[in-house]
Structure formats: structure tokens, C-alpha cells
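The values are calculated or read from the model by the stated rules, or taken from the named source; none is laboratory data. Treat the numbers as computed from the prediction; the structure is a model and nothing was measured. A quick note on method: Cβ atoms are made from the backbone with ideal geometry, for glycine too, and the neighbour counts reach across all protein chains shown. Surface accessibility is based on the protein's heavy atoms, side chains included, excluding ligands, DNA and RNA. Shrake-Rupley method; radii C 1.70, N 1.55, O 1.52, S 1.80 Å.
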Amino acid sequence: MADRYSVTGVHPLDPAERRVLERVETEGIELVRFLYADHGGVIRGKAASRSRLAERLGSGIGHTVAMMAMNMLDQLQEVEGLGPVGEVRLVPDPSTFVALPYAPGAAAMLADLREIDGSPWAAC
């Protein structure tokens, strides 16, 4: 399982990931947002371009743990273990893929925050 989330490794695509890539091509999607809810209930995320999406489906996108210590005014709060040092990965759930009707050329998926080795992050 750890190899699946390797930042440098290539993982075999599962059927759900293949469907996402097919939809991205046929629907002209250029940017896919990986979304999550932080501890304050704010929806946050990062985006992957079509050219890097196949890789990002498995490796996710790097994300600082400090984002979970942001308040609703985007001010970093002092929370032990959630400082500016440390990284998790935003790993998307392909079954949640949806084209965004209000943003032509864009889509979104819900994402889990995972440790670098692919295991679940305790604060997610």
C-alpha cells in the first residue's frame, strides 16, 4: 500500500481513476480541485492540472499540516503539532469526481489527508 502513495513512484490506475482520466479528456477539463474540510469547517484544497492528474491520483498533492491550524480569517493559530513544518498528502477519492458547472474546464474531488507513506493522517 505504501508504494501506491509514493511521491516518485508510478502506481497502476484502478477503474475509478481510469474513468476520471477519461472524463477529463472527453469533457475538456484542465484543472481538478482536491477539496477537504478543515477543522473549522472551511472547504480548502489544491488543484492539479490535466497534465499531472494521472500522477496526482496516486501520490496526491503535498500540503502543510499548518493549514489545519488556520482559523476562518486565515490566521495561523498556535496548535501543537500543526505548525509550518510537516507535510501530508491530499489524496483524492475518484468516486467523488464532478465537473463544476459554474467553472468551465474545472472539476473537483473530495480528498483525504494522508501521511507521506499513504497511511491515514490522525488529524483528518
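Would you work out which of TYR36, LEU53, GLY105 lies farthest towards the positive end of the dipole of the chain? Charges go on Cβ: Lys and Arg +1, Asp and Glu -1. Of TYR36, LEU53, GLY105, it is GLY105. Secondary-structure-derived ellipticity at 222 nm for the chain, considering helices only, amounts to -4500 deg cm²/dmol, per-run term -39500 (n - 2.57) for DSSP H runs with n ≥ 4. Determine the shape class of the chain: with a ≥ b ≥ c the square roots of the Cα gyration tensor eigenvalues, call it rounded for a/c under 1.5, and otherwise prolate if a/b is greater than b/c, oblate otherwise. Since a/c reaches 1.5 but b/c is at least a/b, the shape of the chain is classed as oblate. Kindly identify the stretch 46-113 as rounded, prolate or oblate by the Cα gyration tensor criterion: order the square roots of the eigenvalues as a ≥ b ≥ c, call it rounded if a/c is under 1.5, otherwise compare a/b with b/c, prolate if a/b is larger, else oblate. Because a/c hits 1.5 or more and a/b exceeds b/c, the stretch 46-113 counts as prolate. Across the chain, the relative contact order, built from alpha-carbon pairs under 8 Å that are at least six residues apart, equals 29 percent. Placing unit charges on the Cβ atoms only, positive for Lys and Arg and negative for Asp and Glu, gives the chain a dipole magnitude near 320 debye about its Cα centre. In this structure LEU13 has an accessible area near 50 Å², from a 1.4 Å probe over the protein heavy atoms. Probing with 1.4 Å while keeping every protein chain in the model, the per residue accessible area of the chain equals 57 Å².
Taking label positions 7 Å along the Cα-Cβ direction at both LEU73 and ALA103, the computed distance is 2.6 nm, reported to one decimal. The listed residues SER49, SER59 rank as SER49, SER59 when sorted by accessible area, largest first, using a 1.4 Å probe.
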